[in-house]
Each structure stands twice: as structure tokens, then as C-alpha cells.
């Protein structure tokens, strides 16, 4: 067809095609929606031609529906994903422009999401609280169906947990805090794990209850003194350790208690026996008492008590317990006879274990049997056996019984000894009572003698008072004597000093203006002065000996040198008197003696001097040897105890000594010939001084003499001096010691160089006696010394102030107004004369004078009469010392 029909048909076909195409697209989109594909949409053109009319409206409506469905699906999916997958509660679907069913559907979805959110959050809140231990929360949100079942299940679980916790807490509090044992947790309706847990808690409480109750039960029993119990409940771990410790503690307590009970038993019974035996005086009674108390105490059934019969040296039965007399069993035993005798012999207990049936029988009214154990014990006191106790028992003696018996035997020994002593005392008392008559008679005699003795005592007391007065008088006399001797020494030595010096100067005849007879006169004067000086020295020595103040300075003294030195002075005398002088020294002499060599020389010189004095012809012998005889001949303890004794014998052929005068010659001022016509001179002090010095040295002098034939004096000396130190080490001893420290050159003439050294040196002589000044000045000036002199201390100080070149000062001590000590102290205060050598030149030669001089500031000390050679040597030495100090 053509034309309009064709156009119309074409238009109609086109319209049909557009309609079909659009409907198909709409159908496709709807099918896609039905299949859940919300991504499709209806196109608005067909083959490039836009759809118009109602089709486009239908298409747009379909597309709008699809868009709303897609938006709804997206929101629902989002909410479902957030709530169901991501767990984000509270989400809501928001679909714009939705209405109708889709709106209802959206609201329903939102209601679903809201319900789930509130339910889940409520469940989460409750479970979180449960997890944190809060069992007070419950799910309260409205729910249905399975959510409701879940709600009920959780709420039921919370209720059961709360009930379980309350029960467990109750049980734990009762058991652990309140100490209520036996509690059990009761949780109704619990099952599964909670049931197991409840049962475990109940088992725990039950175990603790049984264990603690068992421990408490045993502990209570122990506190009540029942130590037989022990904890037997089963336990593990620390409870097991506690159980073992408590059981061990109970065991230790039981052992300690048993030991304490044994000790209490031991001490109680020992004290009981001691009290029981105290005061017993009868041996039979105390032995019976011991048997009756001791035998049953130690569970013995037989006992016997044997005491020692000292006179017959055997053991006799004196008491017994349940003892059966038998002809075959003796009641006495010798020491070593049978077990009883053997026990006494060995002084040790004897125990018999397995005893034969026929050995001994313990009988009663119903029968008899042999013992199982026999114990035999000795009773000792200070090692002596006093008794033996025998015990027999049906059972063995335990250790505490043995200890008790051992200790009891000591107490029994003491009691038996006391009883024995008491019996002896009673015997002695009887004897004393028998002798009371004699004693009363003697008492009367003693009373009479006591009266006489009292009278004698009064007489003795009066005599004692008289002796005390005399002792005081003697002390005063001794003091006056010492003062007199000191003054006499000074007064005699002062003029003697100038006499000796002037006589020696004249005898030296340096200017050769004296003839030989005048020189002989001078020598005679000098010799007489020396004799007078020796006499003064002897008197002073005697006074020191009598006062006990002669000092001893002990040192090693060679015997040969001592002998040589002593005999040196007597060679010339022997030649003058034409007497043979022999010296004998034994080979076995010790090399040296430890003694005061100076004092020993003095004694030997005195003995030799006497020998030469009283011997006109014949021979004199000095013999030194080791004494080999008995020590009993000596009175001196030092000689009796000395290992080596040395003897010095001086033997002469002189006039001898009569027997009746041999003791007398050792007394002071006594001589063999004391008549006015006596031939031999002397003071009679030499032997007295020698005897006293020998005593001070620990020795003795023995004398043998025949009148007209000669004498033999023997000095015995210990090799080692052991005498006591003299008080203050005073007197000559101390002077000698100080003298040892002074380096004085040997005596001898001065050489030309000495005179050269003295030349021009100034010496100040201070003395109130012009005679001494003249004599000393003469000696010093003869040796080229320039002498200044002063007659007082004040004058000496003035001279020193005017002369600053004085080298040495010689100072007298006893001067008027200002003595030598005060003068020296004043000089020492002068700056330029602090080191001036000042020599004490004094007649004060008593004990302590040298020390007093040195303490006063004097440099040295020499006594009058002065040995001019010694004085010159001393001046020389101090000049050297002063010169060297001046140079330094």
C-alpha cells in the first residue's frame, strides 16, 4: 500500500513498534526487579526516536519505582549490614520519598533494627556485668520467640550464678573467716560445670573441715597432756607438711615430757632419800630404811645390804629385803669373793642379765621364781668402799633406774661416812668424858699459870715500853753520832788537807833548797798525815757498817787481776822486812767473781796488812782456790747455796793469837795486845771492818791460829753476789759508781805538755780557810796555773764578775754566810758562767755528799785531804772539756 495508507500503516507499525519496544523494556526492567536487579531502567527512546505520551509516563513511573526500590534496598542492606554483620546497633533506614507499602516496609525494618539494638544492648549490658562479677543485673527488654528464650536463659544463668556465688561466699566466709567448719554450698537446679564447681567447693570445704578438725582434735588433746594422739587424716602439700610437723612436735614433746618426768622422778626420789637419810646415826637403821624404800622403788623384789668390816677386811650382811636365809648362801664375803666381793674389789657395778632359775629364788606365799636381772652396786666415799647393795628383779632395770641408783650410791656413801665419823666421834667423846677429871685438874693449873703469865706479860709490856724509849734514845744517839762524825770528818780533814799538801810540796823539793834531812822530815810528816787519814777513813767505814749504809757496787772482778793488785803494795814491805811473800792460785779457780771488787780488795789488804804487821820473820802466803768442802760449816746463806765458793787464805808465821782472844779481835777497837806497853800500833778496826764487809758481800772470815806459831785467816766468797740493794744506793757505793763514770787519768807525774796546757789558765779557789787556799794555790802555781782566791761565796761572785777568763773554780762547801751550794747556784745564774767547771773541794765525805754537790750544780767532787795528782788530773780533764765546749 502506498500513500496515506502506507503512511498510516507505517505510522501504525511505528507506534506498535514503539509500544512493543517500550512494553518489552518495561517488562525487562520489571523482571530484573523481580530478580533483585535494581540496576536496570527503562530507556526513553526507541531506535533513536524518543518515546512520547503515556509510554514515557509509564517508563518514568517504572524508573521511579526502581530508584525507590534501589534506595530502599540500599538502606535496608546498610542497616542489615551494620546491625547483623558489623554489630553497629542503632542504625535506621532512611528512604526519601518512600510511601505506602515501602514506607511501611522501611518502618518495619527500622523497628526490627531498633528491637534488635535494644535487646542485644540489654543482653550485652547484663553479660558485661556478669563478666565483671555484678550478678545483680537482669535482661528487662521486651522480647519474644527465641530472643525471649535467650533472655530467660541468661536471666536464669545470672540467678544461678548469683546463688552459686552467694553459697560459695557463704561457705568460704564460714570456713575461712568465721572458722565454722562443715559448711556446704547448696545451689538449687545447678547442673553441668556449675554443679561440678559446687561439688569441688564442697569437697574443698569438706577436706579443710576434716583436716582442721583432726588437727584441732589432736592439738586439744596435746594441750590436755594427751601425747598419745597423732593426726591421721589424709592430706597433701603444705597441709601434709603441717600434719607431719605437728606429729613430729607431738613426738618431741612426748620424748621431752618422758625425759622431764624421768628427771622429776629422779630428783624427787633423790631428794626424798636425802631427806630420809638426813640425821640418821645408826648404821643398821639406815641400811634397813634404804632396803625397804629402795627395793620396791626400782621395781626390784629382792635386796641385800652389805657393809665393810674394816678390822676383818670383809663384807657383812646388815639389812635385806625379801631375803631367804639359806645354808648355801653366805652372809659374809671377802674382797674378791663372789659377785658381792668382786664388786667391792673392782669398785664398779656388776649387772647379771640371764640368771639361771636355781641361782636365787624370790618367794611369796603363793610361790617362787627366779629373777630376770641382778644388779650389784658399790657404795664409795672418796674412793673407799663402804658398802655393797645387791638388787634382784623379775624385769630388767631401765636406764633411769640405773642413773638413779648410781647417784643414790654417792649420797649413801656420804651418809655412811658421816655415820662412821659420828660413831668415831662418840667413841672419842666417851674417851674425852673419861679424861674430864684430868682436864679439870690441868685447867686449874693452867689458870694459875695464866695468872702468872699475865703478871709476866705486864712486866714484858713495861720492858717493851722501856725498850721503845731506849730505841728512840739510840736513834737520837745515832743521829748525833752521824752528825758528830760528819763534823769531825770536816774538822779533821780541813787542817789535814793543808798539812799533806804542804808536806808533799816540801818533800818534792822542787827548788832543791832543802837538805836530805829536811826532805826526810817532810816525808815523815806526809806519811804521818796519810796514817791519820787512813785512821779517819777506818772510823767512817766502821760508822757506815754499823749504820747498815755501806754501799755495795757489784761487777765482774777478775780473780788474777784482783790478787795482783792487792799484793803489789806489799812487795816492797816484804823486801824491807826480809819476809818470804808467796802467792798461790789454783788452776780450778773461776775466771771472775761477780762482787764489789773495791771492797774485796779492802778486806784482802787488811788481812795482808795485819799479817805483815805481826810477822817479824818467816813467810806470808796468799792462796786463792776453789773451796771443795761441806757447806754446813758456813753461817751465811749465800755461801751455803752458792754453786761455787772461792777461798782466799792469808797464812803467816807471826805471833799468833791465843784461843781466848780469837773472837775478841773481830770486835771494834780490840787488839791482841792492848796494854800500854804494846809493841804493835793500829786502831783495832781493820778486822771489824773486814768482817762486816765480808758479810755484806755474802761471805765469811774464818780464823785458825796457834799463839807463837802464826795465824791463818780465810775469806770465803760466793762466786755471785746475791746481797740486797742498799737503801738509796748511798754512801761510798754510789760515789764509787759515779767515780766509774768519770774518766780520770792514771796517777803519775805531769809531763811538760801538761804544764804547757796549764800555762796562763786562771783557776778560782774558794775556801774560808787560808791554810787550804795557800796549800792548793802552791800546788796549782807549781804547774803554771794562775790562781785567784776568795775567802767567801760573795767574794767569789765579785771576782767572777771582774774576770771573764776564769777556766775552772775549786769550791769549798762548808763556808759561813753563803755555803758552797748556794754560791754555785748563784754562779749558775750568771749567763757567762753557766758552763763553768766548778769542782767541789770539800772535807764533807759522808754518805750523799757527792750526790748533793752534783744536784746543786757542781761539775765534779773531790774530798780533802786532796790527792794533788788526782786533783791535777781532774783540773786537766775539765780544762779540756771547757775548751772543747767553747770551740763548739
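Just so it is clear, none of the values below were taken in a lab; they were calculated from the coordinates. Predicted, not measured: the structure shown is a model, and the values here were computed from it. Note that we place each Cβ from the backbone using ideal geometry, even for glycine, and neighbour counts take in every protein chain shown.
The table for this structure:
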read-out: Approximate shape of the range 279-417 as ellipsoid semi-axes (Cα gyration tensor, √5λ), whole Å, largest first; value: 22, 17, 15
read-out: Ranked 249, 65, criterion: other C-beta atoms within 10 Å, fewest first; value: 249, 65
read-out: Computed E for residue 200/residue 240 - FRET, C-beta separation, R0 25 angstrom, nearest 0.05; value: 0.80
read-out: Estimated distance in nm for a label pair at residue 778 and residue 270, the labels positioned 7 Å out from Cα along Cα-to-Cβ; value: 10.3
read-out: Percent of alpha-carbon pairs separated by more than 19 Å within the range 207-262; value: 28
read-out: Size of the range 4-77 as Cα extents on the principal axes (Å, biggest first); value: 56, 19, 17
read-out: Among 240-246, 410-416, the order from most to least packed when residues are scored by Cβ within 10 Å on average; value: 410-416, 240-246
read-out: Convex hull per residue volume in Å³, alpha carbons only, for the range 565-631; value: 118
read-out: Average silhouette area of the range 295-345, convex hull of alpha-carbon atoms, in square nanometres; value: 3.9
read-out: Relative exposure of 127, 824, judged by other C-beta atoms within 10 Å (fewest first); value: 127, 824
read-out: 652, 860, 587 arranged by Cβ crowding within 10 Å, fewest neighbours leading; value: 587, 860, 652
read-out: Residues residue 591 and residue 831, FRET efficiency given R0 of 56 Å [Cβ-Cβ distance, rounded to 0.05]; value: 0.60
read-out: Between the range 120-179 and the range 406-467, the Cα center-to-center distance that results, in Å; value: 110
read-out: Virtual spin-label span in nm between residue 5 and residue 284, 7 Å along Cα→Cβ; value: 19.1
read-out: Rel. contact order, % - alpha carbon contacts under 8 angstrom, at least six apart, the range 279-417; value: 23
read-out: At R0 = 56 Å, FRET efficiency that the Cβ-Cβ distance of residue 805 and residue 455 yields, to 0.05; value: 0.10
read-out: Percent of Cα pairs exceeding the 25 Å cut-off, where the set is the range 552-725; value: 31
read-out: Surface/4 estimate of mean projected area, convex hull on alpha-carbon atoms of the range 370-415, nm²; value: 3.2
read-out: Mean Cβ count within 10 Å, highest first, over the residues of peptides 28-34, 607-613, 441-447, 814-820; value: 607-613, 814-820, 28-34, 441-447
read-out: Length released on extending from residue 573 to residue 433, taking residue separation times 0.36 nm less the Cα-Cα span; value: 42.0 nm
read-out: Kirkwood-based shape ratio for the range 73-127, expressed as Rg/Rh from alpha carbons; value: 1.04
read-out: The range 779-881 pair-distance distribution - Cα-Cα, 10 Å bins, rounded %; value: 14, 51, 33, 2
